[in-house]
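What follows is a set of notes on a single structure, which appears directly below.
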Amino acid sequence: MKLLTSISVLLLCTIWLFADTSHNSTIYLHIKVFLYGPYNTTTSLMNDDLRQCGIIPNTDPYFGIYVAGAGVFNTTGNNAIVDWVKVEIRSPIFPHMILASRAALLQRDGDAVDVDGVSSLSFPGVPSGSYYVAVSHRNHLGVMTNFAVLINNSPSATVIDFTTMPDASTYGTYSQQDMGGGLHALWAGDANGDGCISYNGTTCPCSSLNTDNADLKAEVINHGSTAPNPLTYVFKEYSSFDIDMDGCISYDGTAYYDPIFGIKITQQGNAYLLNQIMIHPDNSSPTPTFVFKEQIP
Ligand SMILES: [Ca+2]
Ligand SMILES: [Ca+2]
Ligand SMILES: [Ca+2]
């Protein structure tokens with residue numbers, strides 16, 4: 001064990017040594033990524049229903065340490081905040097090895113920005129060099145570059161645009177949902193956050209959790225003081241079970257009454273999940289037992 005730890009430290013030092021050409025140890029990234037759940041094909045932007053409902057948490061849901069700046073959630077338009085995402089800088093030699101990670105805010109037009117809602121992402125302590133870069137989200141499957149990308153330490157920031165990145169440029173196969181017109185988005189539907197999207201299929205190979213469908217159904221039945229609820233029950237919450245991120249959690253229900261926004265018509269999570277399974281390119285003779293996994297090592 002001690003030997004293994006020593007080897008790991010040695011490898012890590014070697015990576016830094018090869019990467020550090022400038023001794024100015026902060027890299028800057030301008031990442032663009034779409035989430036399929038809230039993506040709106042009419043506006044070509046993501047919907048910001050969670051922000052409009054006032055339910056995006058001020059503190060990030062991944063690390064619990066990044067805090068959104070004052071007034072950040074008041075911005076409207078293309079740069080309004082959709083949700084939090086997670087960004088990882090990974091070793092150019094061992095892409096499963098995370099060297100640095102942080103939370104970021106995601107704007108409607110796909111820009112992943114710092115907690116002030118506008119600035120590019122900085123990674124203090126990471127020297128200029130080539131790295132794999134991965135982005136993930138609470139209930140979408142994450143994506144990673146297929147190559148180590150040269151990232152400089154200029155505050156003008158290196159651009160990595162996953163929205164226009166062809167499948168061959170991302171790690172694995174069908175790592176993102178193809179929206180047509182050369183645009184891609186993270187696959188929506190990992191409601192239980194186990195790294196797979198499943199409906200009736202056996203659970204994720206690396207997970208002991210139920211299918212996303214079974215967990216969503218249980219969440220709706222067991223939610224709140226009115227439990228057990230009918231499958232048509234709909235409630236509002238910041239939750240990974242809100243697959244399309246409109247603020248409403250539904251299994252078979254369609255309408256939710258909000259005292260502020262009135263009646264909201266929402267998509268049925270059950271049908272939405274099934275559709276995600278049936279349209280996956282690897283599910284060629286579509287069956288609801290198909291399961292697909294996040295393409296990040
Ligand atoms: Ca923007
Ligand atoms: Ca899952
Ligand atoms: Ca929803």
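Under a 10 Å cutoff between Cα atoms, tell me which one of Val133, Val85, Val67 has the largest fluctuation in the Gaussian network model of the chain.
Val67
Give the relative contact order (percent, whole number) for region 196-293; include only Cα pairs under 8 Å separated by 6+ residues.
Computed value for region 196-293: 30 percent relative contact order.
Per DSSP H run of n ≥ 4, the term is -39500 (n - 2.57); total these for the chain, divide by its residue number, and report the mean residue ellipticity at 222 nm rounded to 500 deg cm²/dmol.
Values: 4 runs with 43 residues, N = 297.
Rounded to the nearest 500, the figure is -4500 deg cm²/dmol.
If I take R0 = 30 Å and measure r between the Cβ atoms of Ser44 and Ile98 in this structure, what FRET efficiency does the formula 1/(1 + (r/R0)^6) give, to the nearest 0.05?
The pair Ser44/Ile98 has a calculated efficiency of 0.40.
Arranged by the count of other C-beta atoms within 10 angstrom, fewest first, what order do Met46, Met278, Met165, Met97 take?
With the sparsest Cβ surroundings first, the list reads Met278, Met97, Met165, Met46.
If I take R0 = 41 Å and measure r between the Cβ atoms of Ser130 and Phe63 in this structure, what FRET efficiency does the formula 1/(1 + (r/R0)^6) give, to the nearest 0.05?
Step by step, r from the Cβ atoms, then E = 0.95.
Would you mind computing Rg(Cα) / (2.2 N^0.38 Å) for the chain, counting N as its residues?
Working: Rg = 19.8 Å, N = 297, 2.2 N^0.38 = 19.1 Å.
Dividing the Cα Rg of the chain by 2.2 N^0.38 Å gives 1.04.
Testing the spin-label approximation: label points 7 Å from Cα along Cα→Cβ at Asn152 and Ala214. State their distance in nm.
In this crude label model, Asn152 to Ala214 measures out at 5.2 nm.
Can you give the log10 of the normalised intensity I(q)/I(0) at q = 0.12, 0.20, 0.24 Å⁻¹, computed with Debye over equal Cα scatterers of region 80-156?
Listed by q, the Debye log ratios stand at -0.33, -0.91, -1.22.
Among Val220, Val33, Val143, whose mean-square fluctuation peaks in a Gaussian network model of the chain (Cα, cutoff 10 Å)?
Residue with maximal mean-square fluctuation among Val220, Val33, Val143: Val220.
So what is the relative contact order for region 56-141, in percent, with contacts set as C-alpha pairs under 8 Å and at least six apart?
Relative contact order comes out at 29 percent.
When Cys204, Cys248, Cys53 are ordered from fewest to most other Cβ atoms inside 10 Å of their Cβ, what list results?
Working: Cys204 22, Cys248 25, Cys53 18.
Sorted ascending by nearby Cβ count, the order is Cys53, Cys204, Cys248.
Pull up the DSSP beta bridges for the chain and report the antiparallel fraction as a percent, rounded to 5.
On the way: 47 of 52 bridges.
In the chain, approximately 90 percent of DSSP beta bridges are antiparallel ones.
Defining a contact as two alpha carbons under 8 Å apart and six or more residues distant in sequence, what relative contact order in percent does the chain show?
Values: 683 pairs, mean separation 53.7, N = 297.
Once divided by the residue count of the chain, the mean separation gives 18 percent.
In the chain, which helices (entire DSSP H runs) extend 18 Å or more along their own long axis, judged by Cα positions, while averaging at least 0.0 on the Kyte-Doolittle scale?
2-19
Taking the Cα centre of each part, how many Å lie between region 118-173 and region 241-296?
Value for the Cα centre distance between the two parts: 27 Å.
If we count other beta carbons within 10 Å of each Cβ, what is the order of Ile89, Ile265, fewest first?
Placing the least packed residue first, the sequence is Ile265, Ile89.
Taking 7 Å along the Cα-to-C-beta vector as the label spot, tell me the Phe261-Ile221 distance in nanometres, rounded to one decimal.
Placing both labels 7 Å along Cα→Cβ, they lie 2.8 nm apart.
Gain in length, Thr26 to Thr287, computed as 0.36 nm per residue apart minus the alpha-carbon separation, to one decimal in nm?
Contour length minus Cα-Cα distance gives 89.2 nm.
Mind listing the phi-derived Karplus ³J(HN,Hα) values for region 161-166, rounded to whole Hz, using 6.51, -1.76 and 1.60 with θ = phi - 60°, and x for any glycine or proline?
With coefficients 6.51, -1.76 and 1.60, one gets 10, 6, 5, 10, 7, x Hz.
Please list 3J(HN,Hα) in residue order for region 66-77, calculated via the Karplus relation 6.51 cos²θ - 1.76 cosθ + 1.60 where θ = phi - 60°; whole Hz, with x for glycine and proline.
Each residue of region 66-77 in turn: 8, 10, 5, x, 4, x, 4, 7, 8, 5, 10, x Hz.
Only the coordinates and a few stated rules stand behind these numbers; no lab work does. Owing to the predicted nature of the structure, the values given are computational and were not obtained by experimental measurement. Please note: Cβ atoms are built from the backbone with ideal geometry, for glycine as well, and neighbour counts cover all protein chains shown.
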